[in-house]
Amino acid sequence: MKVTLVPVTPLQQNCSVLVCAKTGRAAVVDPGADLDQIIATIANMGGTLEKILVTHGHADHAGGVSLLASQFGVPVEGPHRDDQFWIDRIPMSAPRYGLVGATAFTPDRWLEGGDTVRFGEIELEVRHCPGHTPGHVIFFSREYKLAMVGDVLFQGSIGRTDFPRGDHATLINSITTQLWPLGDDVTFIPGHGPVSTFGDERESNPYVADSVLAR
């Protein structure tokens, strides 16, 4: 699997372009905006877009979903249905982030924890990780030990929980019960900022390091 990150929106959200090396079929995770850059990246990677995957309904992650899906005629999978209210708010919230033309949508498939999604010959596991938003999901490739975690976890930080229906204790539980068991050697792509590994965060993250949670 080939992976390229495309920072989009003024918030520099990490949109992930994934291409199956065997088939050339591609998936885009969280196309928040700047679709020309995303489309050019798919082409440069030799991919053909097959599917759009969404971790959660915030505008910087999902503002470009509807337009990209209609332009290429591809299905949208994710997030969990508990984020529908966030998706419905996209037209109202997008302008404050400088996003133009962002629209709401209904995914072709709502996702639940334990589901799998596929593109080409690649399979990704779905974990439901509420806390930042109630319907947040993450995507995990067991074969490549790679996770796309949206705004659940960052290098040295965790997602905000002061938004409507956010909850700090729920987010910590999602990280410790849904992410950590995947393995310390898993590399994760956060919604913003540099990549890291679960092992590094368990050692040094001031919010969820093992030593911090043991207090």
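Taken together, the values in this text are just the output of simple stated rules run on the coordinates, not laboratory data. Source: prediction; values computed, not measured. When we count neighbours, we look across all protein chains shown, and the Cβ atoms used for this are built from the backbone with ideal geometry, even at glycine.
Can you work out D for the range 13-94 in µm² s⁻¹ from Stokes-Einstein, where Rh is the Kirkwood radius over C-alpha pairs, the temperature is 10 °C and the viscosity is 1.306 mPa s? Value of D from the Cα-based Kirkwood radius: 125 µm²/s. Karplus-derived 3J(HN,Hα) values for the range 134-139, using 6.51 cos²θ - 1.76 cosθ + 1.60 with θ = phi - 60°, are x, x, 5, 10, 10, 10 Hz; glycine and proline are entered as x.
Using the Karplus relation 6.51 cos²θ - 1.76 cosθ + 1.60 with θ = phi - 60°, the per-residue 3J(HN,Hα) values for the range 84-91 come to 4, 5, 5, 4, 5, 7, 3, x Hz, with x marking Gly and Pro. With R₀ fixed at 25 Å, the C-beta to C-beta distance from Gln12 to Tyr144 puts the FRET efficiency at about 0.55.
Projecting the Cα atoms of Ala102, Gln13, His168 onto the charge dipole of the chain (Cβ charges, centred on the Cα centre) puts Ala102 farthest toward the positive pole.
Quick one: dipole size for the chain, taken about the Cα centre, charges +1 on Lys/Arg Cβ and -1 on Asp/Glu Cβ, in debye to the nearest 20. Present the calculation step by step, with values, prior to reporting the outcome.
Details: 16 positive and 25 negative charges, 42 e Å.
For this selection, approximately 200 debye.
For the chain, modelled as a GNM with alpha-carbon contacts under 10 angstrom, which of Lys145, Lys51, Lys22 fluctuates the most? Looking only at Lys145, Lys51, Lys22, the largest GNM fluctuation is found for Lys22. Using a cutoff of 8 angstrom between alpha carbon atoms and counting only pairs six or more residues apart, the relative contact order for the chain works out to 16 percent.
Mind telling me which of His136, His128, His168 comes out most flexible in a GNM of the chain, alpha-carbon contacts under 10 Å? The residue that fluctuates most here is His168.
In a fully extended conformation the segment linking Ala214 and Met92 would gain 39.8 nm over its present Cα-Cα distance, using 0.36 nm per residue.
Karplus-derived 3J(HN,Hα) values for the range 41-50, using 6.51 cos²θ - 1.76 cosθ + 1.60 with θ = phi - 60°, are 5, 4, 5, 5, 8, x, x, 10, 5, 10 Hz; glycine and proline are entered as x. In this rough spin-label picture, where each label sits 7 Å from Cα along the Cβ direction, the Thr116-Arg165 distance is 2.9 nm.
Ellipsoid semi-axes for the range 1-139, based on the Cα gyration tensor and the rule √(5λ), read 21, 18, 12 Å when sorted largest first.
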